[in-house]
Each structure stands twice: as C-alpha cells, then as structure tokens.
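Trainee: This is the structure I have questions about; it appears just below.
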Amino acid sequence: MTGTSTAIELARIEKWFGSGDDAVHALAPTNLDVAEGELVVLLGPSGCGKTTLLRMIGGLLEPTLGLLKVGHKELWSNGNRQGQALSELGMVFQDANLFPWLSVEDNIALPLELKGMGKAERRERARELTKLVGISGFEKRWTRELSGGMRQRAAIARALSYNPKILLMDEPFGALDAMTRDTMNLELQRIWTETKKTIVLVTHSISEAVFLADRIVLLSPRPGRIDTIINVTMPRPRSLDVQATPEFQDIARTLRHRLTEIS
Amino acid sequence: MSGPVMRDDDIISLPPPAARRKPMRESLLPWITTPLLVLLLIGTWHFYVTTTKLSAFILPTPYAVWEAWLGLLQSQRAWNNTLSTIYVTVVGFIYALIIGVGLGVLLGRIRWLELTLNPFVVATQVIPKVALLPLFIVWFGFGATPKVIVAAVLAFFPILTNTVLGVKSVDTGHRDVMTSLNASRWQIFWRLELPSSLPYILSGMEVGIVLAIIGAIVGEYLGGNAGLGFMLVSKMNGFETDGLFAVIVQMTLLGFFFYFATRALQRLLIPWHQSIAIR
Ligand SMILES: Nc1ncnc2c1ncn2[C@@H]1O[C@H](COP(=O)(O)OP(=O)(O)OP(=O)(O)O)[C@@H](O)[C@H]1O
Ligand SMILES: [Mg+2]
C-alpha cells in the first residue's frame, strides 16, 4: 500500500509566461503522478518546459492553472506557497548554487540553520551527509576549493539535510564531463537506494535518463506537453555496463528517434 | 586490449612545504621596491633643493621636514589636532556607513523607492559638498558638527551606490535556494543579501574612508579652530613651510592608517572572497 502511494500529483497543470500577444505557452495542461520512491526523469529538447515544470513542482513558480499536490498537500493556495508542502521538497540546481561565504559544512547545514537547529547538531548532521555523498574531510573548506563534481555532491547533501521525501534535480550533472557524470550517476543511484527518496530529475542526456529512470517522461515543445512515457524495468542496482545491454540500447534508440521527430 | 599497464603508485609526491606555498617574489617585492623608491624620491628632492639653493619658504629640505615632523610629534597641541581630525573622520564615516548601507539596502530592494529617490541621490553627488560648509557653520556653529557632516556627506555616496549594486547583484540561483527553503524575508536578508553584498559594501568603504578624511580636513581648513586642516592654515599663515610639510606628512600617515584599517576589515569579514584569496 505505502509503496504505491503518490508523492507528487499534477492535475491539468498549465503555465503561461507573460500576457496578451507576447504570452508564451510554456506548458500545456499536464497530468502526471509520481509514486513514492520512484525515480522519474524528464527528458526533452531545449525549451520544451522541463525547467518550468520542475520549478512549479518545487514551488519556485506558480502554475497559471491546475492543481499541484506534494505529499497529498496542496502546494499553492491563493497565490501563497504552503510551507508544509515545501518542506517535503529538496531542490538541486544545475549550478550547485552554494554560498561562497559559507564553508562546505555550513552550506550543507544551511536549511537546518534556517529551521533553527542548534550548532552541534547541525555539525553532526553535516558530517553524516558529507559521508553519504562522498566528500568526507572537506567540511571546513571554502566551496571554491571544491571541484565541479564535489560541489554538486555538496548541493545534493544540502537538499537532503532536512530529510525531505522528494528530491527535484534540474540537470544536476549537466556541467560535468562525461566521466564524472557517469560516476555521479552511479552515486545518485546509490544515494537514492540508501535514502529511498522520490526523485524527479531533468536531463538532456538520453543515456543518463535510461540509466537512472524507473520512468522516462518525454516532453515535446511549443507548447510543452508530455509526448511519451517509457517504463524502464532493468534490474537494480544497475552498473555502467548496463549501457551495453540490448534492452538499454532499445530504449535509447526509441528515445533518440522520437526526440528527432519532435524537435 | 593488450600491453602492460603503467601504474604510477610508486611515484611519491609531496605537497610543497607550507612556507613556499605563496610565490615568494610577489609578497616580498613591495617591501624592497617601496623603500627604494621613497629613498630615490627624497634623494632627488634633497639634491634639487641644495643645488638650486631654493628658499626654505618655497621648498624646505627633506631633513628640515623630518625635524619639523618630529617636533610635531612632541607637541601636545599637534596631537590634539590629530585626534580631533580622527574624531571628525571616524564619526562622519560611521554616519555615512549607517545611512549609506541602510538606504542602499532599501533602494536595492524596493524598485519604486529607487526610482523616486534617485534624482536626490544623484543631486547629493553632483552638488559641490564643500560649498555647503558655510551653511552648516551657520546652522551648527564652529564646533566639530559641521565638519562631521561634510565628512559624512562625502563618504556617503560611494557607500550607498556600492550597497545598492551589491544588493542588486545577489545571484538569482542563490535566491532560488532560499525560496525553495521557505526562508523568511529576514533570513534572506541576514543569510543571503547581506553577506553577498558585503564585498561591495567594503569596497565602498575603502573609497568612503578616504573621502571622509578629505571632508574632515577641508572642513577644518575652511572654518575651524582645531584639527590638522586648521593647523595647515596656521602654518601657511606663519610661513612655516617645513611645518606645512610636516602636517601633510601627518595627514598622509593618517590616510594610510585608515585605508589599511579597511583592508584589514576586508580580510576579517570576507576571507572567502576572491579579492582576498588571490592576495
Ligand atoms: N521567466 C520566463 N519568462 C518568459 N518565458 C519563459 C520564462 N522561463 C521560460 N520561458 C519560456 O518557456 C519555455 C520553456 O522553458 P524552460 O526553461 O522550461 O525549457 P527547458 O526545457 O528547461 O529548456 P532547457 O533544456 O534549454 O533548459 C521556453 O520557450 C522559454 O522561452
Ligand atoms: Mg532547463
């Protein structure tokens, strides 16, 4: 029962930017349910509304129309973000967006500080998290002393710090080189298995999508809407070698063909 | 795949020893070149005065200036005047800092307020502020107050504009982080806007403190009975050119002191910033 409960519900969510003649229809009415513990990947050509959709789920952007529930709680009511629903969400952006004036540890514990947790407790939690994301020993460093991959790890740790049920990630590894990206994908799979979070991840990379996803939601542009949904049932944990299997390549090929048709 | 695989775990590499981390030459260079250049300058000055047999009223020898400056250091009145200039500078600067940062934060955040007040802010910049001094003297008398105001008005503008710039330059990605964490306005100010603008505010302070000194000295110069600016006038009236130079030396040292104090403040407050890290 609990395993199939929904974490995120979108009912006819729609987004317009601007008004009148200049209005951009960024997302046509969209329905989507994400189950608890599921890893959903949003894939699509540039400008198809992936970021828009994710930012709406993350409470950074208000939908023009439609109903959006996170953990069975409405995210927006009368134009106000609901803090309760928001605390179920953790966001990871394409740029790590760490604060350069805080140490790695203080960055990771920033959400806890905002929630009023004491210093000793925060430090301990930050220590656990650096271990989880694989940057132990860097707690006291400035963020500029980290590599790009390590910064993303710290950003993931920050999003996990207050133990939200859902992790939203917008091209979190887009700025990394192919090898680091592979490593980060493996790490993300491990973190996801260990923490049992629900994850919605946006990416441009077909192989990243197939490797990580339980379900791939392919979006098409102008206006953005769901084109196809593909279930990926390959067993877990997946190793990087899974990319050589026929099943993986079938899905990747289908996606590639569909992507060229719609862009 | 074939062929032996090279492994290099045999090669032991140690980090460079701590003392040599910083490039030696760069940090040492000014300590050698500055005294040399100063010596050269003083030498030229001395040579010029002695060979042209210039009158000491026009240009005294460096040695005479040195003597006069030593004399200054031993005179209680000179110290009182120095302290009085320090007082005017510091108090004026603190007013400028409080009002500049406070107003800057408001203007940086509230668009309509910025649009409304901008003409007045620009006016405070273009108005020849020193020309207002007689007015301040009429209003506040010959004491320290009118000078404090001139110092404050001069230091105010760079602090204000830099604060506005700082608040506006807050990274939108950083804002998104705070929004997604449901931070309150107050938390956004203390945890994001203030630290993010601090490098801007501090570089405004760097300019502001120097302007505050100028304001203080000009204030004392034009309408005072105390301070280094006032001393300057009395030395001039007494045709004590060496004394005049000694006062200028004293003022310069004061300027250095305040300037390095703000630099030290930067090291203390924004050690994370690249402007500090590179040095
Ligand atoms: N703030 C905004 N104002 C106006 N239009 C916007 C705004 N943000 C996005 N759009 C428009 O909405 C559409 C979807 O943009 P979005 O950023 O969601 O695309 P995306 O799928 O994330 O693209 P990419 O893969 O390049 O990141 C685009 O046409 C874009 O121009
Ligand atoms: Mg995007």
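The values are calculated or read from the model by the stated rules, or taken from the named source; none is laboratory data. Treat the numbers as computed from the prediction; the structure is a model and nothing was measured. Please note: Cβ atoms are built from the backbone with ideal geometry, for glycine as well, and neighbour counts cover all protein chains shown. These area figures cover heavy atoms from the full protein model, side chains too; ligands, DNA and RNA do not enter into them. Shrake-Rupley method; radii C 1.70, N 1.55, O 1.52, S 1.80 Å.
Trainee: Kindly indicate whether A:T254 is more than 27 Å from A:E88 (Cα to Cα) and either away from ligand 1 (no atom under 16 Å from the Cβ) or of a type in the set (D, E, K, R) (or both).
Mentor: Yes.
Trainee: Still on this model: Within region A:67-94, can you find the residues that are open to solvent by 40 Å² or more (accessible area, probe 1.4 Å), in contact with a Lys or Arg (Cβ under 9 Å, 6 or more places away or on another chain) and more than 10 Å from every other protein chain (Cβ to nearest Cβ)?
Mentor: Scanning region A:67-94 gives a single hit, A:L67.
Trainee: Output the number of the condition that B:W186 fails; it satisfies all remaining conditions of (1) within 14 Å of chain A (Cβ to nearest Cβ); (2) surrounded by 20 or more Cβ atoms within 10 Å (Cβ to Cβ).
Mentor: (2)
Trainee: Filter region A:95-124 for residues that are closer than 22 Å to A:A175 by Cα, within 10 Å of chain B (Cβ to nearest Cβ) and part of a helix (DSSP H, G or I) and give the result.
Mentor: Selection gives A:N107 alone.
Trainee: Going by the structure shown, is A:L54 surrounded by 20 or more Cβ atoms within 10 Å (Cβ to Cβ), more than 26 Å from B:L194 (Cβ to Cβ), within 12 Å of chain B (Cβ to nearest Cβ) and not small (G, A, S)?
Mentor: yes
Trainee: Within region A:239-251, how many residues are at pLDDT below 90 and part of a loop (DSSP other than H, G, I, E, B)?
Mentor: Matching residues across region A:239-251 total 1.
Trainee: Continuing with the same structure: State yes or no: is A:V217 aliphatic (A, V, I, L, M), within 16 Å of ligand 2 (Cβ to nearest atom) and buried (at least 20 other Cβ atoms within 10 Å of the Cβ)?
Mentor: When the stated conditions are applied, A:V217 passes them.
Trainee: Working only within region B:126-150, note down all residues that are in contact (Cβ under 8 Å) with a residue 12 or more places away in the chain and surrounded by 14 or more Cβ atoms within 10 Å (Cβ to Cβ).
Mentor: Hits for region B:126-150 are B:K129, B:V130, B:L132, B:L133, B:F136, B:I137, B:A144, B:P146, B:K147, B:V148, B:I149, B:V150.
Trainee: If I ask for residues that are in a strand (DSSP E or B), open to solvent by 20 Å² or more (accessible area, probe 1.4 Å) and within 13 Å of ligand 1 (Cβ to nearest atom), which ones from region A:10-51 would you list?
Mentor: Within region A:10-51, A:E14, A:K15, A:W16, A:F17, A:V24, A:H25 qualify.
Trainee: Which of (1) without any contact (Cβ under 8 Å) to a residue 40 or more places away in the chain; (2) within 19 Å of the chain's Cα centre (by Cα) does B:I110 not meet, given it meets every other one?
Mentor: (2)
Trainee: Follow-up question, since we're still on this one. Condition first: within 23 Å of A:E128 (Cα to Cα) and hydrophobic (A, V, I, L, M, F, W, C). Now tell me which residues in region A:179-219 satisfy that.
Mentor: A:M184, A:L186, A:L188, A:I191, A:W192, A:I199
Trainee: Out of A:G90, A:G66, A:G49, report the one residue that is within 16 Å of ligand 2 (Cβ to nearest atom) and of a type in the set (G, A, S).
Mentor: One residue alone meets the criteria, A:G49.
Trainee: A further question on this structure: Look through B:V153, B:V210 and report the one residue that is more than 14 Å from chain A (Cβ to nearest Cβ), open to solvent by 50 Å² or more (accessible area, probe 1.4 Å), modelled with pLDDT of 90 or more and under 25 Å from the mean Cα position of the chain (by Cα).
Mentor: Just one listed residue meets the conditions, B:V210.
Trainee: When you look at A:K131, is it without any contact (Cβ under 8 Å) to a residue 24 or more places away in the chain, open to solvent by 50 Å² or more (accessible area, probe 1.4 Å) and away from chain B (no Cβ under 14 Å), yes or no?
Mentor: yes
Trainee: Would you point out the residue of region B:157-183, among those that are more than 14 Å from chain A (Cβ to nearest Cβ) and open to solvent by less than 10 Å² (accessible area, probe 1.4 Å), that is nearest to B:G204 (Cα to Cα)?
Mentor: B:I159
So that you can scan it fast, the table gives a plain yes or no per residue for (1) closer than 19 Å to A:R222 by Cβ; (2) within 18 Å of the chain's Cα centre (by Cα); (3) at pLDDT 90 or above:
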{"site": "A:T4", "(1), (2), (3)": "no, no, no"}
{"site": "A:T51", "(1), (2), (3)": "yes, yes, yes"}
{"site": "A:M56", "(1), (2), (3)": "yes, yes, yes"}
{"site": "A:G83", "(1), (2), (3)": "no, no, no"}
{"site": "A:S87", "(1), (2), (3)": "no, yes, no"}
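Trainee: May I pose another question? Can you tell me how many residues within region A:179-205 are β-branched (V, I, T), out of contact with any Asp or Glu (no Cβ under 7 Å at 6 or more places or on another chain) and within 16 Å of ligand 2 (Cβ to nearest atom)?
Mentor: 1
Trainee: Would you be able to say whether some residue in region A:76-85 is away from ligand 2 (no atom under 16 Å from the Cβ) and at positive phi?
Mentor: Within region A:76-85, one or more residues are away from ligand 2 (no atom under 16 Å from the Cβ) and at positive phi.
Trainee: Now for a different question. Out of the residues in region B:57-86 meeting the condition of being aromatic (F, W, Y) and more than 27 Å from the chain's Cα centre (by Cα), tell me which one is surrounded by the fewest Cβ atoms within 10 Å (Cβ to Cβ).
Mentor: B:F57
Trainee: Criterion first (free of Cβ contacts under 8 Å to residues at least 12 places away in the same chain and out of contact with any His (no Cβ under 8 Å at 6 or more places or on another chain)) does A:D241 satisfy it?
Mentor: yes
Trainee: When you check A:R153 against the structure, is it in a helix (DSSP H, G or I) and surrounded by fewer than 18 Cβ atoms within 10 Å (Cβ to Cβ), yes or no?
Mentor: no
Trainee: May I ask you to say which residue of B:L132, B:L160, B:L113 is over 29 Å from B:G224 (Cβ atoms) and not basic (K, R)?
Mentor: B:L113
Trainee: Of the residues that sit in region A:177-206 and are within 16 Å of ligand 1 (Cβ to nearest atom) and either part of a loop (DSSP other than H, G, I, E, B) or among the polar types (S, T, N, Q) (or both), which one is nearest to A:L42 (Cα to Cα)?
Mentor: A:T203
Trainee: Tell me the residue from A:T228, A:T254, A:T233, A:T260 that is surrounded by fewer than 17 Cβ atoms within 10 Å (Cβ to Cβ), in contact with a strand residue (DSSP E or B) (Cβ under 8 Å, 6 or more places away or on another chain) and not in a strand (DSSP E or B), please.
Mentor: So the residue among A:T228, A:T254, A:T233, A:T260 that is surrounded by fewer than 17 Cβ atoms within 10 Å (Cβ to Cβ), in contact with a strand residue (DSSP E or B) (Cβ under 8 Å, 6 or more places away or on another chain) and not in a strand (DSSP E or B) is A:T254.
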